[in-house]
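Notes for the one structure printed next.
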Amino acid sequence: MCWETAGYAFSDIAGNTAVIVKLTRTLFIIPCVIILSLINERKEAKLSGIQGHVPLNLKKVFPYFIIMFLIVVALRSTGIIPTTIVPTLSKASKFCMVVALSAIGLKTSYSDIRRIGFKPMILGFIIDTLVVFVSIGVQIATDRF
């Protein structure tokens, strides 16, 4: 199991629950991305002036990272990826995430941020704040049981 989950700091039961919640949330990304991709595809078709039913282009709608994610989940679940190399793969994954986020940050233009305005930043702040309050609420609730 994932011993890096903070739930194990409280107990094994809390840790196991945290792992289940984390995996469920991660797997829920798949239908969310597909639905949002479909909505975006339809919106782009409408903006380009296409009338009526637009045939679905799966290559355009279905993100490749979802396919890679499912392949890695399958390989890990079946034991094809040995447990001994999981820590190395985890470190490599974290490094790649830092590089990707850094690339996004370096590409960010302050003029674009000014043009977009504060609404997206306020939304991000509200969502982060809600995550904090929900986390605190869950911790308080688990302490009572």
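Segment Lys59..Lys22, full-extension length gain: 10.5 nm, with 0.36 nm per residue of separation and the alpha-carbon distance subtracted. Distances over 17 Å make up what percent of all Cα-Cα pairs in segment 84-144? Across segment 84-144, Cα pairs with separations above 17 Å total 67 percent.
The residues of the chain expose on average 85 square angstrom of accessible surface per residue, using a 1.4 Å probe on protein heavy atoms. Note on the chain: with neighbouring protein chains present and a 1.4 Å probe, carbon and sulfur make up 73 percent of its accessible heavy-atom surface. Under the simplified labelling scheme, the Ile104-Thr88 pair shows an inter-label distance of 2.9 nm, with each label point 7 Å from Cα along Cα→Cβ. Over the chain, the pair-distance histogram of Cα-Cα distances with 10 Å bins from zero comes to 8, 21, 33, 26, 10, 1 percent, rounded to whole numbers. Using the Karplus relation 6.51 cos²θ - 1.76 cosθ + 1.60 with θ = phi - 60°, the per-residue 3J(HN,Hα) values for segment 13-29 come to 5, 5, x, 4, 5, 4, 5, 4, 5, 5, 5, 5, 4, 5, 5, 5, 4 Hz, with x marking Gly and Pro. Annotation: for a label point projected 7 angstrom from Cα along Cα→Cβ of Ile13, residues of segment 120-142 with backbone N closer than 20 Å are 135-142. Legend: calculated FRET efficiency, Leu36 to Ile81, from the Cβ-Cβ distance at R0 = 25 Å, rounded to 0.05, equals 0.30.
Quick one: length gained pulling Cys96 to Ser48 fully straight, 0.36 nm per residue minus the C-alpha distance? Display every interim value, and only then the final one.
Values: separation 48, 0.36 × 48 = 17.28 nm, distance 3.56 nm.
That pair, Cys96 and Ser48, stretches by 13.7 nm at full extension.
Say the cut-off is 29 Å between C-alpha atoms; which of Lys22/Lys46; Lys60/Lys107; Lys22/Lys43; Lys59/Lys107; Lys22/Lys91; Lys59/Lys91 go over it?
On the way: Lys22/Lys46 36 Å; Lys60/Lys107 24 Å; Lys22/Lys43 31 Å; Lys59/Lys107 26 Å; Lys22/Lys91 19 Å; Lys59/Lys91 31 Å.
Pairs exceeding 29 Å: Lys22/Lys46; Lys22/Lys43; Lys59/Lys91.
The values are calculated or read from the model by the stated rules, or taken from the named source; none is laboratory data. All of these numbers come straight from a predicted model, not from anything done at the bench. Cβ: placed from backbone, ideal geometry, glycine included. Neighbour counts: every protein chain shown. Protein only, heavy atoms only, side chains kept; ligands, DNA and RNA dropped before computing areas. Shrake-Rupley method; radii C 1.70, N 1.55, O 1.52, S 1.80 Å.
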